[in-house]
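One structure is given here, and the rest of the page talks about it.
The values are calculated or read from the model by the stated rules, or taken from the named source; none is laboratory data. Note that this is a predicted model, so its numbers are computed, not measured. Cβ placement follows ideal geometry from the backbone for every residue including glycine, while neighbour counts extend to all protein chains displayed. Only protein heavy atoms, including side chains, enter the accessible area calculation; ligands, DNA and RNA are left aside. Shrake-Rupley method; radii C 1.70, N 1.55, O 1.52, S 1.80 Å.
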Amino acid sequence: FGSPINPPHSPHPPHPPHPNLPIMQLSTRLACFSTLPFLLTPVIADGPFYGDPPDANHPWGVHDHNRPQPKIVTPGTFSSQEVPGKPPSDAVVLFDGTEATMKNWVPAGKPKNDKRWTLTNGALQCTPGAGTVKTTAEFGDCQLHIEWTAPTQIKGKSQGRGNSGVFFLGGAIEVQVLDNDNNPSYADGMAGSVYGVAPPMANPLRKPGEWQAYDIIFRRPVYKDGMEVDPGRVTVLINGVVVQDNTPLEGGGGHRGRSKSRPFPESGPLTLQDHGNTTAFRNIWYRPLPPRAVEGGTDGRLTKEAAMAKR
Ligand code: MG
């Protein structure tokens, strides 16, 4: 076993009487009495044998000190409208406003013309007609941060205004980018929707021309022996407001058609859509996420086989 088996719980050791208790005022004694449950906390509350032992689905005991420590990550900073924030220390930077990170982006298809996305005012800006761009990096489950701004010149309505999109795994699902400031559209195609699957739970967009921050936690579907064991899920915050909460992907959605659940590739590029608007992006980074318990992860409620393997 990788961790010690805990002994059966022993009765809590008696708390020694407070030496000054007899001369305390009544009110003080009552206050003392009211904190008694805390004082009865076992003496070795943080010791090596504390909590329920490992079981069939959990290779670690509860509060097991042998369990690996989480890795240290230095947090980043939040963006202001004027200045993009800094990513956390373990993030993979996809775009930070520099020419060097423009090289992380290439046309997703065969270019039909000379038009290309541009580095404009420190942002990665769509040139209508240039087509979708993709990252040279390929990755799967992740925490993604991306900020975008819609053109200030209001043109078009519904899906025609400030439209772009954040696509995972080369196009498997789209988290919609759209200027829905005073611009209704079909709900399952609004900003922060899983396009064609699930509307955002709120519309916390700022005005066009202002920066909108998306924080997205993406988990692809998991299949085992041809059976779906997790439909894949996405959580999205727009400007710090939750708009998707662990939403099942239902195949990833699409335009007009109802998608069916299906396996996704294990990894793929992130792509940004050219939908005919000069939508621009900044401060794009991701952090890969470890596998879930259902796909062989080492934390959470594991299968008996996985728990035994870990012991
Ligand atoms: Mg779109």
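Using the Cβ of SER267 as centre and a radius below 11 Å, the other residues enclosed give a net charge of -2, where K and R count +1 and D and E count -1. Using a probe of 1.4 angstrom and keeping all protein chains present, the accessible surface of the stretch 71-167 works out to 55 square angstrom per residue. Per-residue Karplus couplings for the stretch 198-206, computed as 6.51 cos²θ - 1.76 cosθ + 1.60 with θ equal to phi - 60°, are listed in order as 9, x, x, 7, 7, 10, x, 6, 8 Hz, Gly and Pro entered as x.
Sorted from greatest to least, the principal axis extents spanned by the alpha carbons of the stretch 210-311 come out as 53, 30, 24 Å. The stretch 258-278 and the stretch 139-199 have their alpha-carbon centroids 12 Å apart. Around the amide H of GLU210, modelled in the peptide plane, lie the amide H atoms of ALA150, all under 5 Å away and 5 or more residues distant in sequence or on another chain. Dipole magnitude for the stretch 70-165: about 500 debye, using +1 per Lys or Arg Cβ and -1 per Asp or Glu Cβ, origin at the Cα centre. The smallest convex shape that holds all Cα atoms of the stretch 82-159, its convex hull, gives 151 Å³ per residue.
Less than 5 angstrom separates the built amide H of GLY162 from those of ASP179, all sequence-distant by 5 or more or on a different chain. For VAL133, nonlocal amide neighbours, meaning residues 5 or more places apart or on other chains whose placed amide H falls under 5 Å from its own, are ALA108, LEU272, ASP274. For LYS304, the aspartates and glutamates whose Cα falls under 14 Å of its own Cα, not counting residues fewer than eight places away in the same chain, are ASP55, GLU295.
The residues neighbouring ALA191, those whose beta-carbon lies less than 11 Å from its own, together hold a net charge of 0 under the Lys/Arg +1, Asp/Glu -1 convention. If you take all other residues with their beta carbon under 13 Å from the beta carbon of ASP55, and give Lys and Arg +1 and Asp and Glu -1, the sum is +2.
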